[in-house]
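Structure record follows, encoded as structure tokens.
The values are calculated or read from the model by the stated rules, or taken from the named source; none is laboratory data. This structure is a prediction, so every number in the text was calculated from the model and none was measured. Quick reminder, even Gly has a Cβ in these numbers, built from the backbone with ideal geometry, and neighbours come from all protein chains shown.
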Amino acid sequence: MNAKRVISNTKPKFSFFQILSLSMGFMGIQFGYALQNANASRILQTFGADIEQLSWFWLAAPITGMIIQPIIGHYSDHTWTRLGRRRPFFLVGALMASIALILMPNAGVLAGFLPAMFVGAGFLMIMDASFNVAMEPFRALVADMLPVDQSTLGFSIQTFLIGIGAVIGSWLPYVMAEWLGISKVAQVGGIPDNVVFSFYIGAAVMIVTILWTVFTTKEYSPEEMASFDGKMEVTGEQWKGKFSDIFKDIVAMPKTMKQLGLVQFFSWIALFGMWVFTTPAVAQHVYGVAIGDTSSSLYQDAGNWVGIIFGVYNGVAMIYALLLPVIAHKIGRKLTHSISLTAGAIGLLSIYFITNPTTLIFSMIGVGMAWGSILSMPYAILAPALPVRKMGIYMGIFNIFITVPQIVNGIFGGMIVKRIFDSQAIYALVMSGCFLLIAAISVIWVEDKKMTANHLETQNS
């Protein structure tokens, strides 16, 4: 590693199948993540959590993400093993998340030691930390492996795979109850079998898909990474870094990242509100369930239907992701993202006027357009603006703009819903729609430049 040599090379283009394999593990991660998003609130409410407490328990996700992802990004930039830079991290993260998926719906078994609500919240935190360990390296892996002119396609295909995992994960409890006849009702304080078995399947899918990526993807060496898009003299010393460099990199983040930060803030404060409060909002506002009722069959029907409509928006995102490269090529990435966020805002705001559960499907079309764009366009805009040697750390730092708004919503969202809106969760979705509109407007000020990785490496070194 200390011997100097000169390498001249450019990143080869990937085939469609190779790009699919590159992000196959992300599909499994999103399968588990969708199960969590659609079911964590009702699991915690079943264990005794009040609606005001829901957003506090959900704080586990953004807090762990804010702390873990920059650290994982930094060390994945500087850790080289026989498996490569990124693969060891998402392999370990997936294993931990799978264990948490198995344990969370069974938190009631440990109620003799602590209240089930707190045990469940603890497993939620472990699950979130594990998802964060696994997810960040996948973003960096796509940016590592693909040439600049394939970055939009790469992140769009990643979003397509995320959509497949999310649709199946979101729909699974409903399918198991309504199609396979597995019980959807449990004793007071217990989790229905259809939810428990869905979490088991999610754990298995995550492991299989992660191993797919691990065995089909070979990462580039340090010398190859340093040489892409130009001629450079490289040594192993160039890839060493100190933990304190994280703070220096935060200060020196590219201008494009700062501008995208505002867009991400309002996008993710909206998404967090949607994930936390859709189940109680739909149960109360659409199904007519009384506030505080979490054990009736009608509440469980509402929870299962939320899984279906969450699957719908993920399915729309999956299809829309494949169209994004074409749309972005014609009207630009900024306008594409702005229009998509506006569609999501309209979708969320429309829920206030809906009384028929089936009609919610139409609202989710707009949400799916926003979700598909959120998962791909910011990263496609950002990736060309990052130095190649610091792709992991900057993808991790970029996650701060995702986690901070969720923390803000987590602290104040539940209190606002309970104390200002008298526990009527539908108003949390109205606020989320307004936030997406602000995000759509803020895209205007983002600078989107297509530059070669080598030029940016020189500029940021």
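The table below gives the values:
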| item | result |
| --- | --- |
| Within region 320-407, helices (runs of 4 or more DSSP H) holding 2 or more residues that are touching a helix residue (DSSP H, G or I) at 6+ places or on another chain (Cβ under 6 Å), over 28 Å from ILE63 (Cα atoms) and free of Cβ contacts under 8 Å to residues at least 12 places away in the same chain | none |
| Pairs, first farther than 16 Å from PHE47 by Cβ in region 91-112, second crowded, with 24+ Cβ neighbours inside 10 Å and of a type in the set (Phe, Trp, Tyr), C-beta under 6 Å, six or more apart | ALA97/PHE131; LEU101/PHE199 |
| Within region 79-110, tally of residues that are within 17 Å of GLU219 (Cβ to Cβ), part of a helix (DSSP H, G or I), of a type in the set (Gly, Ala, Ser) and over 19 Å from the mean Cα position of the chain (by Cα) | 0 |
| Flag if THR279 is over 20 Å from the mean Cα position of the chain (by Cα), surrounded by 18 or more Cβ atoms within 10 Å (Cβ to Cβ) and under 25 Å from ILE407 (Cα atoms) | no |
| Search result, residues across region 212-252 that are assigned to a helix (DSSP H, G or I), touching a helix residue (DSSP H, G or I) at 6+ places or on another chain (Cβ under 8 Å) and either at pLDDT 90 or above or among the aromatic types (Phe, Trp, Tyr) (or both) | TRP212, THR213, VAL214, THR216, TRP239 |
| 3 or more residues surrounded by fewer than 24 Cβ atoms within 10 Å (Cβ to Cβ): qualifying helices (runs of 4 or more DSSP H) within region 10-77 | 16-22, 51-57 |
| Filter result for SER130 (assigned to a helix (DSSP H, G or I) and of a type in the set (S, T, N, Q)) | yes |
| Single residue of MET377, MET415 found to be of a type in the set (A, V, I, L, M, F, W, C), under 19 Å from the mean Cα position of the chain (by Cα) and at pLDDT 90 or above | MET377 |
| Out of ASP144, ASP149, sole residue that is in a helix (DSSP H, G or I) and either surrounded by fewer than 18 Cβ atoms within 10 Å (Cβ to Cβ) or of a type in the set (S, T, N, Q) (or both) | ASP149 |
| Some residue of region 126-143 being among the aliphatic types (A, V, I, L, M), at pLDDT 75 or above, over 30 Å from ARG85 (Cα atoms) and touching a Phe, Trp or Tyr at 6+ places or on another chain (Cβ under 7 Å) | no |
| Total residues in region 168-191, condition outside any helix (DSSP H, G or I), closer than 16 Å to ILE43 by Cβ and either at pLDDT 90 or above or in contact with a strand residue (DSSP E or B) (Cβ under 6 Å, 6 or more places away or on another chain) (or both) | 1 |
| Count of residues meeting criterion [surrounded by fewer than 18 Cβ atoms within 10 Å (Cβ to Cβ) and of a type outside the set (Phe, Trp, Tyr)] in region 80-108 | 9 |
| Checklist (1) under 24 Å from MET104 (Cβ atoms); (2) crowded, with 22+ Cβ neighbours inside 10 Å; (3) over 17 Å from the mean Cα position of the chain (by Cα) applied to ALA166, failing item | (3) |
| Filter result (surrounded by fewer than 24 Cβ atoms within 10 Å (Cβ to Cβ) and within 29 Å of ILE402 (Cα to Cα)) within region 283-301 | GLN284, HIS285 |
